[in-house]
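The values are calculated or read from the model by the stated rules, or taken from the named source; none is laboratory data. Model, not experiment: these values are computed from the prediction. Calculation scope for accessible area: heavy atoms of the full protein, side chains included, ligands and nucleic acids excluded. Shrake-Rupley method; radii C 1.70, N 1.55, O 1.52, S 1.80 Å.
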Amino acid sequence: MARRRYEPEGHSAYQARINKVIAYIDANLSGDLSLEQLARVACFSEYHFHRLFRSLIGENLHEFIQRRRLETAARALHLNPKDRVIDVALEAGYEDPTSFFKAFRRYFGSSPSAWLKSAAKEWAESQLSRKSSLRAQNSKIDNVLDREIWQILKGTAKGQTSSGRVEIGDLPEYRVVYRRYVGRYGNPAITQMWGELMDWAHASGLLMEDSRFIGILHDDPSITAPEKCRYDACLIVDQNREPKDALSGRFRGGRYLMYDFVGTASDVDPAWDRVYNEFVVNSGCLVDN
């Protein structure tokens, strides 16, 4: 059985605070990301915070911040090539262009200008090749869940087919309970994690035929190394509910491009490619970070 990389229940209080810090970092790459400020966000002492961060995330705080800044800048340059490099650097938290150029070359092996020309495509191909080499046979959700839970969920999927409909619209903020996986997207461990989330939800009386779920992919697998990609399996709950023994958070409301898709695991990557190649570039909108 594939090793699962989400947090055990006993660590949920610590993991929730660290996840809050990670969300803060991603939302404030150009802001104050000092140890003092992030320890305050986590409600830990500075002494304990950076040690807990490394223990739970597997990277020290400085390495994580630098990686997220560079990956965010690289993705912005790739998706919005008309943006000025200096503006992208500032948005990613680099006040000194020279420092940005050196850090970018050290991490990606190319300059930002070369990245715009061809290096981004070469990097993406190498990352996706790594993902493919790690690919295992996907397990099926009905082999993971108890029969009673599977019968409930089958009611939520009746009549689902792909319409191919694409629209841009607003989604509300949702309160969610979730589990987090870190590793290659497409790993059967994600299916296992969904199964255990549903087991917990069923035991807690939260799983209904009209239950709604959200899978959140925090990283671009064409830029972020497969072993560092983050995925949250989420169940939408009542705004005022405070579930015990579970991580809770909020799905950010706002304007989204929505593509109606139903298919197998092997169909997902081509569907994402179609979203970007056919719809995003012709939407008249710029993607955010």
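Here are the numbers for this structure:
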| read-out | value |
| --- | --- |
| For V237, solvent-accessible area (1.4 Å; no DNA, RNA or ligand), Å² | 20 Å² |
| Residue order for W194, W115 - accessible surface, 1.4 angstrom probe, largest first | W194, W115 |
| Accessible area expressed per residue, segment 158-234, with surrounding protein chains retained (probe 1.4 Å, Å²) | 43 Å² |
| With all protein chains modelled, accessible area of H218 [1.4 Å, Å²] | 70 Å² |
| Accessible area of segment 1-120 divided out per residue, in Å², using a probe of 1.4 angstrom | 56 Å² |
| Cubic angstrom per residue, convex hull over Cα atoms of segment 14-93 | 79 Å³ |
| Cross-link pairs beyond the 26 Å C-alpha cut-off, checked among K20/K244; K82/K228; K102/K228; K20/K228; K20/K102 | K82/K228; K20/K102 |
| Compactness of segment 212-289 as Cα Rg over 2.2 N^0.38 Å, two decimals | 1.32 |
